[in-house]
Structures are given as C-alpha cells and as structure tokens.
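The values are calculated or read from the model by the stated rules, or taken from the named source; none is laboratory data. Quick caveat, the model's predicted, so the values are computed rather than measured. FYI the Cβ positions are ideal-geometry reconstructions off the backbone, even for glycines, and counts take in every protein chain you see. These area figures cover heavy atoms from the full protein model, side chains too; ligands, DNA and RNA do not enter into them. Shrake-Rupley method; radii C 1.70, N 1.55, O 1.52, S 1.80 Å.
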Amino acid sequence: MIHPDTELRFISNEIGYGVVATKFIPAGTITWVLDELDREFTPLELQRMAPIYQNILDTYTFRNNKGNYILCWDNGRYVNHSFNSNCLTTAYDFEIAIRDIQPGEQLTDDYGYLNIPMPFRAADEGTRRKVVYPDDLLKYYKVWDSKIKKVFGNITQLQQPLRSILDEGLWGKIGDIIGGKEELESILANFYNGNHVALSK
C-alpha cells in the first residue's frame, strides 16, 4: 500500500504517470508496505498466462528474492525509477523515504534493487549510472544500506499513516533495531540469486 498523501499524476509523454506527494513527507516515513491485496505470481504462473497478461505484469511488477513477481494493487505500481531516488526498499517488505519529499515531488525508486530481468537505459539524470542492470543490488547495496541507516531511527519518531499495515512483530523489530538490540538487515536480502528469464512477448 502506497502512502496516502500521494496521488497519480501525468508526468510527461516520455515517462507517463507517476506517484506524486500531496503533502510534505519527512525522511524516515514509511512510504509503501507490501500488503494483503498485493498479488504474487510465480514464473510458472506467468508462463501459463496469455501474452496480454504477461505484458501487463512485465510492466507493473517487481521480483522478490524468491524470483516471484509482485503486482501492487494500488498506485504503488506507478512509482518511477530514479538513479537518485528519494525512497529505498528495506529487507522488511516496506519502503522508506531517505530524504524529505516535498509536495508536488515524485516518489521514486531505484529499479536496480527490484530484480529486473533485463538491463534498460533510463532517462539521463546527469548521474554516473546510465543503465539499470539486474545485478545492481550486488554493486550498490552498501551505499543503499548507508542511506537507510541514516533515517531508520526516524521511523518511530514520526507519524506513520501506514503503521496499521505493519504487524506488531515487525513494529517491535523496528524498535529493537533502533534501540540497538538487533542489527538492521541489509537491503541485499532482497536480491534474487537465480536465472533472470524475460517474459515471452
């Protein structure tokens, strides 16, 4: 489930639609949580589908560390890529704002940690990286871990509209991590270490 202080807007002809903040979202805010309405498909299930469904899932899903495809039921599936994303996923099936997000600003992910099946050239943002690769998570997890750690302690200090989506065990774990009783698990836990097979077209 995507943060409620967001809406879907048309960004440009090149990009299409994106998820935009309607209110200020401070760093450390949980911006998305995997919830009970999100659908998970195995590669075999996808292979058995008609091409029209394969194309939809190829566009709007990401892969988890099992190699299964996750389809967000709400606007979360429209969050666009950025090499300088303002949100990062964690090892706990939720994403976090790694810096303040202003009203009117897009929420963005780095698709490098979404286990994409094939490389793609992204819009040029003036960054060193120009292409997103399936194994980017192996290359950049330490950088992403550092960004998450810097704001993770804010989670329990902020209003969290998605708090009710998290189970009590996970909320307790977050508290233990912030309190130093438990180590923050690396984003590397999300890596799918298997064969990346592109969907048939």
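Set the Förster distance to 35 Å, then compute FRET efficiency between Asn55 and Asp100 from the Cβ-Cβ distance, nearest 0.05. The calculated FRET efficiency here is 0.45.
Between helix 168-178 and the chain there is an angle of about 70 degrees, using the helix long axis and the longest principal axis of the Cα atoms. The stretch 130-179 and the stretch 74-93 have Cα centres spaced 12 Å apart.
For the stretch 73-158, the list of trypsin sites (Lys or Arg not before Pro) that fall in a loop by DSSP and count at most 14 other C-beta atoms within 10 angstrom reads Arg128, Lys130. By the helix-only formula, in which each DSSP H run with n ≥ 4 contributes -39500 (n - 2.57) and the sum is divided by residues, the chain has a 222 nm mean residue ellipticity of -6500 deg cm²/dmol. Surface exposure of the chain, expressed per residue as accessible area with a 1.4 Å probe, stands at 53 Å². Mean-square fluctuations from a GNM of the chain, with a 10 angstrom spring cutoff on Cα atoms, peak among Glu185, Glu105, Glu95 at Glu185. Remark: the chain carries a charge dipole of roughly 560 debye about the Cα centre, counting +1 on each Lys and Arg Cβ and -1 on each Asp and Glu Cβ.
Relative to the longest principal axis of the chain, what angle (0 to 90°, nearest 10) does the C-alpha long axis of helix 136-152 take? Value to nearest ten degrees: 30.
Its relative contact order, with pairs defined as Cα atoms under 8 Å and 6+ residues apart, puts the stretch 49-169 at 19 percent.
Expressed as a whole percent, the accessible surface of the stretch 85-163 that belongs to carbon and sulfur atoms is 50, based on a 1.4 Å probe. Computed from Cα positions, the angle between helix 51-60 and the longest principal axis of the chain comes to roughly 30 degrees. Net length available on complete extension from Leu37 to Ile15 is 5.3 nm, with 0.36 nm assigned per residue and the Cα-Cα distance removed.
Under the combined filter of DSSP loop state and at most 16 neighbouring Cβ atoms within 10 Å, the stretch 35-65 retains these GluC sites (Glu not before Pro): Glu36.
For a test of the definition: using alpha carbon positions, the gyration tensor, and the 1.5 limit on a/c, classify the stretch 78-142 as rounded, prolate or oblate. Verdict is oblate for the stretch 78-142.
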